[in-house]
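The values are calculated or read from the model by the stated rules, or taken from the named source; none is laboratory data. Remember, it's a predicted structure, so these values are computed and weren't measured experimentally. Ideal geometry is used to build each Cβ from the backbone, glycine not excepted, and the neighbour counts take in all protein chains shown.
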Amino acid sequence: MKREVSIIGSGFASLAASCYLAKSGYKVTIFEKNDRIGGRARQLQKEGFTFDMGPSWYWMPDVFERFFADFDKKPSDYYQLEKLNPAYKVFFGNNESITIEDTLEKIYSAFEKEETGSSIKLKKFIDQAQSNYKIAIEDLVYRPGVSPLELVTPETIRKIGQFFSTISKDVRKHFSNKKLIQILEFPVLFLGAKPSETPSFYSFMNYADFGLGTWHPQGGMYKVIEGIEKLAVSLGVEIRTNSPVDKINVLDKSVTSISVNGMEIATNLVVAGADYHHCERLLEPEFRQYSESFWDRKTFAPSSLLFYVGFDKKLKNINHHNLFFDVDFDAHTRDIYDDPKWPEEPLFYANFTSVTDENTAPENCENGFFLIPLAPGLQDTAELRETYFSIILERFERLTNQDVIKNIIFKESFCVNDFIEDYNSYKGNAYGMANTLLQTAFLRPKLKSSKVEGLFFTGQLTVPGPGVPPSLISGKLVSGLIQSS
Ligand SMILES: Cc1cc2nc3c(=O)[nH]c(=O)nc-3n(C[C@H](O)[C@H](O)[C@H](O)COP(=O)(O)OP(=O)(O)OC[C@H]3O[C@@H](n4cnc5c(N)ncnc54)[C@H](O)[C@@H]3O)c2cc1C
């Protein structure tokens, strides 16, 4: 008889785990609390506009290829990818910006234009980053974080110094131009910690950025969710939406059932793919591995204030992806990590997928996604959201030299309270637990419960970490552990 497994949540990690488990013969059911699958990668459709509610940067295309190849498929069986050129634009002030294009050669030239001699230094830096990428993304991240020995390889021993220095120090050793420093520190923000807390080994993110490029699935990131859903269903996975798991029931230290919408569903195997902290709270206290103070001590990735905005005209001077670094980078970082508070002058990010993908907005319109990173756990009120919307839209108008506020047809916002309400997110974090030195690999919350037989975890709070590619890998890792246990 087929062994059955119940998966909590339908984010990237859960969907990936479901595919691997179904392929190896398990009968898999996914229980998702919301009415739509995808978790933080859900989609919002309104008045002919389409928005990805969370992830928008499709980086590390090789990880997606490897995922689909495990099922003898390719990404192009499910969605069409385009390499963006330019990849993105960084605004540093009025008429001050740097555009990052789609090849290393073009990026070397952009650096050289900004600071003489910097292209040679960048080439050296990227060579190092590429070698780290090979070690990390093609090998280390596929290890399940069970033992510290997983990290000990001839390559990592050779690079040991890079685990104890930081990206921030490394970048500053090579570059003095402030703008170039910020561009090189930006990719590790995806790992959730500040560059001065992120080991220099993580420069592989710079190779992902400049070396592999920024891609866009036609129709948006949600096409990837739909692709994996299609794959999962074809493998026999059952997906139940509007099905919040309220309790994981345990007898004799083994999982016996889950409670969903007041019904008890028998199961001996559970993969908890919602936020780890929340899933542990579905257990009686004696079966939880980590205390409240454990979670409180951890460095969490930021939360965010997000706006999804419909404009009734095409906008000028923007690209698909845009970063607004025209204010003090370090001051905002301190407001996230050191002294959590709403930033006085926020950095922000905006994407307009309709610039390159006409399917995501009505004709002659633009869809705008605006993101301000914030410390998790901040007070979140309608007034604060409005204040910050005005701050960034006024700056946006000035920096891109156009009026847009009067062209807004609608806007929706999403912030700390929504992350908690919609995803049961710990303190409203947007993308999980940061990858600092002490929160890497075997030092992260474990994939397998040490207290309850038959209970496993997956997703951005466990190994390997935050982001869509790591979430796909997390699903593969948990499935491997289940099959070997
Ligand atoms: C604003 C934002 C921007 C981002 N940008 C990028 C980007 O550009 N590129 C990138 O690679 N990554 C990005 N990320 C990170 C990426 O989206 C996440 O790392 C990834 O989607 C996490 O997937 P997951 O499966 O771990 O969790 P989730 O997507 O959070 O899935 C967990 C699921 O569990 C469900 N759930 C919760 N509680 C229960 C319950 N009790 N019962 C049943 N179901 C439950 C939730 O509803 C959710 O569907 C971004 C994230 C955010 C929020």
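Restricting to region 143-159, give me the number of residues that are outside any loop (DSSP other than H, G, I, E, B), closer than 23 Å to residue 468 by Cα and touching a helix residue (DSSP H, G or I) at 6+ places or on another chain (Cβ under 6 Å). Don't jump to the end; show me each part of the working.
We begin by selecting, within region 143-159, every residue outside any loop (DSSP other than H, G, I, E, B); these are 148-151, 154-158.
After this cut, where a residue has to be closer than 23 Å to residue 468 by Cα as well, the list is 150-151.
Narrowing the set further to residues that are touching a helix residue (DSSP H, G or I) at 6+ places or on another chain (Cβ under 6 Å) leaves 151.
Residues meeting the conditions: 1.
Given the structure, is residue 89 within 30 Å of residue 125 (Cβ to Cβ), touching a residue at least 24 places away in the same chain (Cβ under 8 Å) and basic (Lys, Arg)?
Criteria met by residue 89.
For a quick check of your reading: which strands (runs of 3 or more DSSP E) sit entirely within region 355-470 and have at least 2 residues that are in contact with a Pro (Cβ under 7 Å, 6 or more places away or on another chain)?
Working: elements: 366-374, 408-414, 455-457.
Counting at least 2 such residues, we get 366-374.
Taking interchain pairs and intrachain pairs at least six residues apart, which have beta carbon atoms under 8 angstrom, with the first residue in region 450-467 and aliphatic (A, V, I, L, M) and the second in a loop (DSSP other than H, G, I, E, B) and near the ligand (Cβ under 7 Å from one of its atoms)?
461/275; 461/432
In the set 267, 241, which member is surrounded by fewer than 23 Cβ atoms within 10 Å (Cβ to Cβ) and within 14 Å of residue 14 (Cα to Cα)?
Going through 267, 241 in turn, just one is surrounded by fewer than 23 Cβ atoms within 10 Å (Cβ to Cβ) and within 14 Å of residue 14 (Cα to Cα): 241.
Scan (1) within 9 Å of the ligand (Cβ to nearest atom); (2) touching a Gly at 6+ places or on another chain (Cβ under 9 Å); (3) of a type outside the set (Ser, Thr, Tyr); (4) not in a helix (DSSP H, G or I) for the single condition residue 16 breaks and write down its number.
Evaluating residue 16 over (1) within 9 Å of the ligand (Cβ to nearest atom); (2) touching a Gly at 6+ places or on another chain (Cβ under 9 Å); (3) of a type outside the set (Ser, Thr, Tyr); (4) not in a helix (DSSP H, G or I) leaves (4) as the failure.
State whether the residues of region 32-41 include one that is within 15 Å of the ligand (Cβ to nearest atom), polar (S, T, N, Q), assigned to a loop (DSSP other than H, G, I, E, B) and at pLDDT 95 or above.
Yes.
Yes/no per residue for (1) aromatic (Phe, Trp, Tyr); (2) buried (at least 21 other Cβ atoms within 10 Å of the Cβ); (3) near the ligand (Cβ under 10 Å from one of its atoms):
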site: 408; (1), (2), (3): no, no, no
site: 413; (1), (2), (3): no, no, no
site: 416; (1), (2), (3): no, yes, no
site: 420; (1), (2), (3): no, no, no
site: 430; (1), (2), (3): no, yes, yes
site: 447; (1), (2), (3): no, yes, no
site: 451; (1), (2), (3): no, no, no
site: 459; (1), (2), (3): no, yes, yes
site: 462; (1), (2), (3): no, yes, yes
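Every residue in region 160-186 that is in a loop (DSSP other than H, G, I, E, B) and crowded, with 18+ Cβ neighbours inside 10 Å, please.
175, 186
Go through region 229-270 and give me each residue that's over 19 Å from residue 41 (Cα atoms), of a type in the set (A, V, I, L, M, F, W, C) and within 14 Å of the ligand (Cβ to nearest atom).
245, 248, 258, 260, 263, 265, 270
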